[in-house]
Amino acid sequence: MKKANMRIVKSVLCATGVMMVLSMAACTPTPEKGKTGEVKQTEAAQSAPVKNPDPTAPVLDVVSIYSVSSDGSKLEGTMDAVEDLNENSLTELLIQYGVLEEGTEVLSFKAEGAPSSEEVGPGVVVIPGVESDVKEYGTLNLSKFPDDKNQILLQAVANTFIENMNVVYLTIQVNGETVAENLAMTDAGK
């Protein structure tokens, strides 16, 4: 009885192996042959042309821009690029993304003070003997602000400047009058 069972098992395994070999052979693509027997190259076999970067293209800085969601309930973050990273280029992007009103100008921006702790932000590694370019306090003075009572709008501007201008806290002023003081980074989606 055992021998009969073993024969059946061996026969089934052999049949399965033969079926696998045949199915793999049937699924293998075959090259197209012309009338003379030569193999034609397909388009997929050709390699893509080599593209080199444009040496005259400007070098861009990648920036994070924060805006308010369409329902006004949370912050949304997006990436963009600028040729020259400064307070004016960030303000222009905030206008473009609808955070600030058209015609808003930066009257001044200053960043000062070394961070009081070594925890100066995500991804920042402290190396002994090497100074960080992160400053403790930043002050942004704008010519106008759409709604200085809207905390999410203030936080969108703060997050954009904190992340891109390397400050820990940001104070926002409108024509020299403080509307928000020492805002810290808040995660988008909150």
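The values are calculated or read from the model by the stated rules, or taken from the named source; none is laboratory data. Note that this is a predicted model, so its numbers are computed, not measured. Every residue, glycine among them, receives a Cβ derived from its backbone with ideal geometry; neighbour counts consider all protein chains shown. Note: accessible area is taken over every heavy atom of the protein model, side chains too, but ligands, DNA and RNA are not part of it. Shrake-Rupley method; radii C 1.70, N 1.55, O 1.52, S 1.80 Å.
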Being in contact (Cβ under 8 Å) with a residue 12 or more places away in the chain, in contact with a helix residue (DSSP H, G or I) (Cβ under 7 Å, 6 or more places away or on another chain), outside any loop (DSSP other than H, G, I, E, B) and open to solvent by less than 100 Å² (accessible area, probe 1.4 Å) narrows Leu85, Leu94 down to just Leu94
Residue hits (the range 149-168; in contact with a Leu (Cβ under 7 Å, 6 or more places away or on another chain) and either surrounded by fewer than 16 Cβ atoms within 10 Å (Cβ to Cβ) or polar (S, T, N, Q) (or both)) are Gln155, Asn159, Thr160, Asn164
Checked the range 69-82 for anything in contact with a helix residue (DSSP H, G or I) (Cβ under 6 Å, 6 or more places away or on another chain) and either open to solvent by 80 Å² or more (accessible area, probe 1.4 Å) or over 21 Å from Gly138 (Cα atoms) (or both); matches are Asp80
Output for Cβ contacts, cut-off 6 Å, separation at least six or different chains, first residue more than 21 Å from Pro115 (Cα to Cα) in the range 168-181, second at pLDDT below 90 and open to solvent by 30 Å² or more (accessible area, probe 1.4 Å), reads Val179/Asp148
